[in-house]
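Written out below as structure tokens is the structure these notes cover.
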Amino acid sequence: MGLAIRQGDLVHLALLLGALAMSYVLPFELLLISYIVLGPAHYYTEISWLHDRKYFMPHRGLAVVLALVALGGMFIADPWWSGVLVWSCLIGAAIAALGLPARVSALLAILAGALTLIMTLGGAPFVLIAVLLPTFIHVSIFTLVFMTLGAIRARSGVQFVIISAYLAAILAILIVPPSVRTVIPEFAKLGDYYFGPIAPQLGSLFGVPDLQFAGRITGLLSFVYTYHYLNWFIKADVIRWSHMPRRRVVAVAILSVASTAFCFYNYALGITVLLLVSLLHVLLEFPLNTIAIRELFGFAFGRRGAVRAA
């Protein structure tokens, strides 16, 4: 495992430290600005990237089902049922990503359905899944999984140093949280409205009652969201921008700018559109997530996987 430092690694580390610094300077503002400026470009480019790889499922048509679920999920007011829906998509995507024969996949789907029914009757915390899986878990845990896979594949000690810096940054925010002051108080109110539910669910998960959307949680979300977006954009060797059809590049650029502009024109409607696109990209990424986790376990137990997805 080498410690040779590439220019890309230096840029990577600089962006990570920059995101951390901004999380302390403008915690509330950074979260919203990243979400409405960097977010759209990330969602549309990743959906395009996934489309070219058939969403890591046997048939692209299965992605249509996930898209319809994302659309339907926006109209479910009860977070518990939203959690059931998201969980079902995760399990379904995991089965589809295996690429097994139809009969075997159907049998696994039946077993997964039975498991979900048992969890439902047993009062499983589906609200946690609804709130945390498409948000905090997606932008932090899955990001960490891909970072670790990349470091293992590259046999790069430097990339493991970057992973350590990422974990240290999260720990620093938790131990020494950013100030609750805001430059734009309205951003604090909007942030609390759209991202506030994450705080009590994290508190429930880690046994911290009455956890509030304040300096610590806001700084944490600002950092993991901003770094999640930046981490995607620096993967030039994965995204292969030059290989994207020119028309699609133009379409992605127009959609990204239009989505951001719409948020500034009408924040309520704009953020609703972004929530839909965000949920769509989260669900479409589920097959890749399950493949990556499976491959990481393969490395851990000495069975190197053949998938080089991200």
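Quick one: which residue in 240, 248 is in contact (Cβ under 8 Å) with a residue 12 or more places away in the chain and open to solvent by 50 Å² or more (accessible area, probe 1.4 Å)?
Matching residue, one of 240, 248: 248.
Step by step: first the residues of the range 196-216, then only those that are touching a residue at least 24 places away in the same chain (Cβ under 8 Å) and crowded, with 16+ Cβ neighbours inside 10 Å, then the one that is nearest to the chain's Cα centre (by Cα). Which residue is that?
If we take residues in the range 196-216 being touching a residue at least 24 places away in the same chain (Cβ under 8 Å) and crowded, with 16+ Cβ neighbours inside 10 Å, then 198 is nearest to the chain's Cα centre (by Cα).
Just give me the residues in the range 178-211 being of a type in the set (S, T, N, Q) and at pLDDT 75 or above, in sequence order.
179, 201, 204, listed by residue number.
Only one residue in 52, 9 is of a type in the set (Asp, Glu) and more than 19 Å from residue 277 (Cα to Cα). Which one?
So the residue among 52, 9 that is of a type in the set (Asp, Glu) and more than 19 Å from residue 277 (Cα to Cα) is 9.
Just for helices (runs of 4 or more DSSP H) wholly inside the range 1-114: which have at least 2 residues that are open to solvent by 60 Å² or more (accessible area, probe 1.4 Å)?
7-25, 39-52, 61-73, 79-98
For residue 271, are the conditions met, namely being open to solvent by less than 50 Å² (accessible area, probe 1.4 Å) and either of a type outside the set (Lys, Arg) or under 13 Å from residue 142 (Cβ atoms) (or both)?
So residue 271 fits the description; yes.
Restricting to the range 161-195, count the residues that are free of Cβ contacts under 8 Å to residues at least 24 places away in the same chain, within 17 Å of residue 28 (Cα to Cα) and part of a helix (DSSP H, G or I).
Within the range 161-195, residues that are free of Cβ contacts under 8 Å to residues at least 24 places away in the same chain, within 17 Å of residue 28 (Cα to Cα) and part of a helix (DSSP H, G or I) number 5.
Could you run through the range 215-244 and say how many residues are charged (D, E, K, R) and outside any helix (DSSP H, G or I)?
Residues in the range 215-244 being charged (D, E, K, R) and outside any helix (DSSP H, G or I): 2 in total.
The values are calculated or read from the model by the stated rules, or taken from the named source; none is laboratory data. Keep in mind that this is a model prediction, so the values were computed, not measured. Please note: Cβ atoms are built from the backbone with ideal geometry, for glycine as well, and neighbour counts cover all protein chains shown. Accessible surface is based on the protein model in full, side chains and every heavy atom, while ligands, DNA and RNA are left aside. Shrake-Rupley method; radii C 1.70, N 1.55, O 1.52, S 1.80 Å.
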